[in-house]
Structure formats: C-alpha cells, structure tokens
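A.B. asks: So that we are looking at the same thing, I have put the structure below in structure tokens.
The values are calculated or read from the model by the stated rules, or taken from the named source; none is laboratory data. Owing to the predicted nature of the structure, the values given are computational and were not obtained by experimental measurement. Reconstructed Cβ throughout: ideal geometry from the backbone, glycine too, with neighbour counts over all protein chains shown. Remember, those area values only see protein heavy atoms, side chains included, never the ligands or the DNA or RNA. Shrake-Rupley method; radii C 1.70, N 1.55, O 1.52, S 1.80 Å.
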Amino acid sequence: MRLILLGPPGAGKGTQATRLVEKYGIPQLSTGDMLRAAVRAGTQVGLQAKAVMDSGSLVSDEIVVGIIKDRIEEPDAKNGFILDGFPRTVAQAEALDAMLTLEGMALDAAIELDVDAEKLVSRIVNRAAEAAAAGQAVRKDDDPEVFKTWLAAYFRDTAAVTPYYAAKGLLKHVDGMASIASVSSAIDAILDGRG
Ligand code: AMP
C-alpha cells in the first residue's frame, strides 16, 4: 500500500495515519518529522533547513526529495508507506513518480481529508477560550493566529499538488469533518477499492 495522505492540522490526519500504520504494517513518512529530526541532530540537511522552516517557507525540493528517496529505500518501506507532508510541489510529485517507476512501484491513492476551514478555526478559538477560562496556558498550536497561518500554508501546498493527482485519477476525497469512525470507513472503502 503506497499512499499519500493530505489534510491540514486538526483534520484528524494523525489519527488516521496511526490506524493505517497498524492496519497495513507500513511506516508513516513525514518530511516535517524527518526535517525536525535533522535539525535536532545538527546534520548538514538540518542546518540548511532550519532557517527556512522557521520562516514557514518550503525547504528546497532537492533536500526533501533526497530525504524521501533515502527513506523509501529502507527495508521497512519495501511493502509500502504513507506519505505525510510530501509532496508539496509539483516538482516533488514528479520526482516521486520517477523514483517509484525506477523501483517498479506505483501509488495506490492520494487521499485528501476535506475540511471546513472556518469550522476548524472556530474549534481552535473555542479550545483556546476554554483553556484561558480554566487558567491554563494556550498551546502554540491552539493559538488561532498561528493556526490560521498553518492552515493557509496547507491550502497553498495542496493547491499545488492536488490537480496533479486528480489528473492521474489518484485523488480521493474524504469528509474530514465527519466522525473518526466515518472517516476511517470512508478511507477503508477507498483502499479496498469500494470507494
Ligand atoms: P510539517 O510538519 O509537515 O508541517 O512541516 C514543517 C516544515 O517542514 C514546513 O513548514 C516546511 O518548512 C518543511 N517541510 C516539510 N515537508 C516539506 C516538503 N515536502 N517540502 C518542502 N518543505 C517541507
């Protein structure tokens, strides 16, 4: 199973990825996590990526494609993987295709968890208000302004890649605002060829 999971923060992508990792026994490959690990480890890639990540811009295609290429050649990715946060540009999507073709592999689907941006923001605003009322500090990811910036970045990135997968007939939509159980069964239906 080779899958791309697309969805903004708050859409339940993490929950679904964790479930799919268990169900299929394949790793979740998050370029954001890998880049953060590289920054922590102080590697060459980490040093190059840090300032770009701090500014909220995209790290170069060359760097992320290199990271993914190395990662999908690891033994645990031989039977498949869930890509999270990659590809974010058409150049990355094309590089991924070239890599997979070379390995005689193909993608099964690119699944996008569709969300209502306004509802997501109001969820975060409520959560921040509740935390403040309870005398707790508001977490960075519950700060509505920070959250809106993340959401805008997500829509910027997906706007670039979704048409690419739609044109290949690989893009599938799931209502990310539905219950966890409904989202799970919609994804399972797609992956079992029923959706
Ligand atoms: P994420 O955790 O996926 O939101 O990624 C955190 C940051 O890492 C992003 O804001 C980018 O700076 C960088 N990043 C992660 N994945 C990619 C990618 N596929 N292409 C370019 N930059 C990326």
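Here's the yes/no breakdown for (1) within 16 Å of the ligand (Cβ to nearest atom); (2) of a type in the set (Lys, Arg); (3) open to solvent by less than 60 Å² (accessible area, probe 1.4 Å); (4) assigned to a helix (DSSP H, G or I):
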{"site": "Lys119", "(1), (2), (3), (4)": "no, yes, no, yes"}
{"site": "Asn126", "(1), (2), (3), (4)": "no, no, no, yes"}
{"site": "Gly135", "(1), (2), (3), (4)": "no, no, no, no"}
{"site": "Phe147", "(1), (2), (3), (4)": "yes, no, yes, yes"}
{"site": "Tyr165", "(1), (2), (3), (4)": "yes, no, yes, yes"}
{"site": "His173", "(1), (2), (3), (4)": "no, no, no, no"}
{"site": "Ala186", "(1), (2), (3), (4)": "no, no, yes, yes"}
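A.B. asks: Another question, then. Against the definition (in a helix (DSSP H, G or I), over 21 Å from Ala38 (Cα atoms) and touching a residue at least 24 places away in the same chain (Cβ under 8 Å)), how does Met105 come out, yes or no?
C.D. replies: Against the criterion (in a helix (DSSP H, G or I), over 21 Å from Ala38 (Cα atoms) and touching a residue at least 24 places away in the same chain (Cβ under 8 Å)), Met105 does not qualify.
A.B. asks: Just give me the residues in the stretch 69-86 being in a loop (DSSP other than H, G, I, E, B) and among the small types (Gly, Ala, Ser), in sequence order. Lay out the reasoning, then the answer.
C.D. replies: Step one: filter the stretch 69-86 for residues in a loop (DSSP other than H, G, I, E, B), giving 73-74, 78-80, 85-86.
Across the stretch 69-86, the qualifying residues are Gly80, Gly85.
A.B. asks: Working only within the stretch 149-163, note down all residues that are in contact (Cβ under 8 Å) with a residue 24 or more places away in the chain and either open to solvent by 60 Å² or more (accessible area, probe 1.4 Å) or among the aromatic types (Phe, Trp, Tyr) (or both). Step through it out loud before you land on a result.
C.D. replies: The first filter runs over the stretch 149-163 and keeps only residues in contact (Cβ under 8 Å) with a residue 24 or more places away in the chain, leaving 149-151, 153-155, 157-158, 160-162.
Scanning the stretch 149-163 gives Thr149, Trp150, Tyr154, Phe155.
Per-residue answers, yes or no, for (1) in a helix (DSSP H, G or I); (2) within 16 Å of Asp84 (Cα to Cα); (3) more than 13 Å from the ligand (Cβ to nearest atom):
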site: Val21; (1), (2), (3): yes, yes, yes
site: Ile26; (1), (2), (3): no, yes, yes
site: Met34; (1), (2), (3): yes, yes, no
site: Val39; (1), (2), (3): yes, no, no
site: Leu47; (1), (2), (3): yes, no, yes
site: Lys50; (1), (2), (3): yes, no, no
site: Leu58; (1), (2), (3): no, yes, no
site: Gly66; (1), (2), (3): yes, yes, no
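A.B. asks: Got a number for residues in the stretch 93-128 being acidic (Asp, Glu), under 19 Å from the mean Cα position of the chain (by Cα) and over 30 Å from Met177 (Cβ atoms)?
C.D. replies: Restricting attention to the stretch 93-128, the residues satisfying the condition of being acidic (Asp, Glu) are 94, 97, 103, 108, 112, 114, 116, 118.
Those still in the list that are under 19 Å from the mean Cα position of the chain (by Cα) too: 94, 97, 108, 112, 114, 116.
Still in the list and also over 30 Å from Met177 (Cβ atoms): 94, 97.
Number of matching residues: 2.
A.B. asks: Can you pull out the residues in the stretch 46-58 that are of a type outside the set (S, T, N, Q), open to solvent by 50 Å² or more (accessible area, probe 1.4 Å) and over 16 Å from the mean Cα position of the chain (by Cα)?
C.D. replies: Matches in the stretch 46-58: Leu47, Lys50, Ala51, Asp54.
A.B. asks: Hey, among Asp97, Asp141, which residue is part of a helix (DSSP H, G or I), of a type outside the set (A, V, I, L, M, F, W, C) and open to solvent by less than 50 Å² (accessible area, probe 1.4 Å)?
C.D. replies: That would be Asp97, the only listed residue that is part of a helix (DSSP H, G or I), of a type outside the set (A, V, I, L, M, F, W, C) and open to solvent by less than 50 Å² (accessible area, probe 1.4 Å).
A.B. asks: Of everything in the stretch 149-160, what is of a type outside the set (Lys, Arg) and within 12 Å of the ligand (Cβ to nearest atom)? Give them in sequence order. Even if it seems obvious, please write down each step before you answer.
C.D. replies: Applying the first criterion (of a type outside the set (Lys, Arg)) to the stretch 149-160 yields 149-155, 157-160.
Result: Thr149, Trp150, Leu151, Ala152, Ala153, Tyr154, Asp157, Thr158, Ala160.
A.B. asks: Specify the residue that is nearest to Val146 (Cα to Cα); the eligible residues are those in the stretch 3-28 that are touching a Phe, Trp or Tyr at 6+ places or on another chain (Cβ under 7 Å) and surrounded by fewer than 20 Cβ atoms within 10 Å (Cβ to Cβ).
C.D. replies: Pro9
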